[in-house]
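The values are calculated or read from the model by the stated rules, or taken from the named source; none is laboratory data. Since the model is a prediction, treat every value here as computed from it, not as a measurement. We place every Cβ from the backbone using ideal geometry, glycine too, and count neighbours over all the protein chains shown. Calculation scope for accessible area: heavy atoms of the full protein, side chains included, ligands and nucleic acids excluded. Shrake-Rupley method; radii C 1.70, N 1.55, O 1.52, S 1.80 Å.
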Amino acid sequence: MMFTSRQAILLTALSAIFLLGTTARSQVNELDDTTRSAIYVLRNGIAIRSDGQHHRLLRALRDLGDPGLRPLFSEMVRSDHPDLKIHGLLGLAQCHPQRMLDLVRIAAIDDPATQAQVLSAAMDQKLLTLDQCEQILRWPGLDPAIKVIVAGQLVQANQFTDIDLLQQGAQSDNLAHRGLASLLLLQLGDTQAQHTLEELLQSDAPQRNSIYLMLLETALRYDLDRCAPWAAKMSDMQRFGSKLRLMALRVAMRFGASGAISLWQQRFAAATDLADKTRLALVALGLAQWLDEQAFNSLTRDDHPLIQRFGQAGIAIATGRDITPAVIGLIERRHPLVNRWALKYAQEHAPDDDAIAILLGLILSCESPHQSQRQPDWGIASLATRALHEHNSAVAASLLGPILADPDTNTSLAQAILIGLINSTSPHADAATQGLTGFSNPQTNNLLIMLLAKHGRPLTEQQNEDFKLLVRGGGNLTAAMRLQAAWVYLKRTQQAQLALARVFSG
């Protein structure tokens, strides 16, 4: 039988497709146990879970910042599920060389709520530039409430000009939309906005407290200092719960509202319970870099040693003198809320040398002699390790390397440090392990292997076998870390494309 040239071409193509499919099926059938496990873990990692654990897993994938994951994130963007779409868009931004959100994909989203969540998260993670914010405000047909959300970043940078957008928002029936637009208008000098915000305080809407909390957090995020009198008024209104009033007082103190410090002092003087005193002391301590040292006198005169330490640390920060010893003295108390404050202060406000010393202090406080009966917080040690490395990777390696190499280092501390280095999103987190050949403790050794593999370091034959075991579920890695291990294994064995094809095919 004779074929035309067109028929011959078609038959050749069909034969190639058949052979390719046969080869693909053969490859799948011949996959080793570790590769099959890695593909399973990757597919399971992007599955929606009723308990919300998929958020932690997807963040772990995003934190890899690996351009090789772009096909996976792109596929997630095409999903109908908003969670997958959001993580996919954020993942693509984190893979971008300039860490930027893809506005074309954002514009293609039909659901305003999903658009708002993506843009809010992107601004929180600094994935949206000011130029992109200005572009978004020019989009026709975009929900005005979303534009108001984006406007906050421009107002903070003194680059916002579309007053009409905010004035229209201030007339909205939606309490959150109206409140946020009024808050930004107030910052831009609109005196009517103050009256609108005060009227909102009389609202009986079911979600009013959560909306007020959102407005207060927005004020802190974007330095909207002109809302200070409004926040001070809210902090003294008995119709609100203690949590909201304390947050309002924090905003009022942060931006210097008249009488805010006096109100805080009155509440502290009236507090008799240590827990209440601690909460109030933490409010002042969290603002110490903006307060006068006199604000902390009542703390240093308190009978309780912990509160006295709050006062000493507050004075040190307010004056800029002897910050490190004062904060370290507070850290030694091993109070969870204090540790969280110290971590945040070191990351965001402390002078460079003090930041390094405080982060190292948080790490070492878990092992050093302590003045309380509280157990070590190994989780804070991991977070401080990550923060230290992301703050200054070279200094982190020089400080943490000897600790890891010391055979007398507490096993739990070594593990906490390794976890922090694994979780770091900055490159060269493995530098602190130079010269280390392994640990006698199996779990610590597994973490070392995970760190080396993640950063592309060569593994010994035994380490490679141990790494395969981690991918297959041995070694007690967290689900998020095992997901990262699965992807790293597929990359190291040059099977990433095959794996992604299998994940997409179901």
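Look at the Cα gyration tensor of region 463-506: its axes a ≥ b ≥ c give a/c of at least 1.5 with a/b at or below b/c, and that counts as oblate. Taking a straight line from the alpha carbon of Lys491, these lysines sit under 30 Å away, with near neighbours fewer than eight places off in the same chain left out: Lys85, Lys126, Lys454, Lys468.
Dividing the helix sum by the residues of the chain, where each DSSP H run of 4 or more adds -39500 (n - 2.57), gives a mean residue ellipticity at 222 nm of -20500 deg cm²/dmol. Solvent-accessible surface of region 135-226, taken per residue with a 1.4 Å probe and all protein chains present: 49 Å².
Accessible area per residue for region 262-332 is 44 Å², calculated with a 1.4 Å probe on protein heavy atoms, without ligands, DNA or RNA. For region 367-463, with every protein chain kept in place, what is the accessible area per residue (1.4 Å probe, Å²)? Result: 46 Å² of accessible area for each residue. Between the residues Ala252, Leu72, Ala396, the greatest Cα displacement towards the positive end of the dipole of the chain, with unit charges on the Cβ of Lys, Arg, Asp and Glu, is found for Leu72. Charged side chains reduced to their Cβ positions (Lys and Arg at +1, Asp and Glu at -1) give region 427-506 a dipole of some 280 debye around its Cα centre. What number, in percent, do you get for the relative contact order of region 109-256 if the mean sequence gap of Cα pairs under 8 Å and at least 6 apart is divided by its residue count? After rounding, I find 16 percent. Going by Cα centres, region 378-434 and region 184-220 are how many Å apart? If we compute the Cα centre of each part, the gap is 43 Å.
Modelled spin labels at Thr191 and Ser79, positioned 7 Å past Cα toward Cβ, are 5.2 nm from each other.
Put +1 on the Cβ of each Lys and Arg and -1 on the Cβ of each Asp and Glu in the chain; which of Pro144, Leu447, Val155 then has its Cα farthest toward the positive end of the dipole? Checked the options; the winner is Leu447. Per-residue packing, averaged as other Cβ atoms within 10 Å, sorts the ranges 45-55, 486-496 into the order 486-496, 45-55, beginning with the highest. Protection proxy ranking of 444-452, 206-214, by the mean of other Cβ atoms within 10 Å over each peptide's residues and highest first, is 444-452, 206-214.
If I take every Cα pair under 8 Å that is 6 or more residues apart in the chain, average their sequence separation and divide by the length, what percent do I get for the relative contact order? Please list the in-between numbers first.
Values: 581 pairs, mean separation 59.6, N = 506.
Once divided by the residue count of the chain, the mean separation gives 12 percent.
For region 129-200, the Kirkwood hydrodynamic radius comes to 12.1 Å, computed from all pairs of different C-alpha atoms. Straightening the chain between Asp303 and Glu134 buys 55.5 nm, computed as 0.36 nm per residue apart minus the Cα-Cα spacing. Relative to one another, the C-alpha centroids of region 299-369 and region 229-291 are positioned 20 Å apart. Carbon and sulfur together cover what percent of the accessible area of the chain at a 1.4 Å probe radius? Percent of accessible area from carbon and sulfur atoms in the chain: 50.
Summary value for region 24-135: 17 percent relative contact order, contacts being C-alpha pairs under 8 angstrom separated by 6+ residues.
Evaluate the charge dipole of the chain about its Cα centre and quote only its size in Debye, nearest 20, assuming +1 on the Cβ of each Lys and Arg and -1 on the Cβ of each Asp and Glu. Could you put the intermediate results ahead of the total?
Details: 46 positive and 48 negative charges, 203 e Å.
It comes to approximately 980 debye.
For semi-axes √(5λ) of the Cα gyration tensor in Å, several values are listed as [x] 52, 29, 23; [y] 41, 31, 19; [z] 46, 35, 17; flag the one computed from this structure. It is the value labelled [z]. A simple spin-label model places pseudo-atoms 7 Å from Cα toward Cβ; at Gln207 and Gln294 they are separated by 4.4 nm. Membrane-span-like helices of the chain, defined as complete DSSP H segments with a Cα extent of 24 Å or more along the helix axis and a mean Kyte hydropathy of at least -1.0, are identified as 5-29.
Placing unit charges on the Cβ atoms of the charged side chains and taking the dipole of the chain about its Cα centre, the candidate lying farthest along the positive direction among Gln98, Ala60, Leu360 is Ala60.
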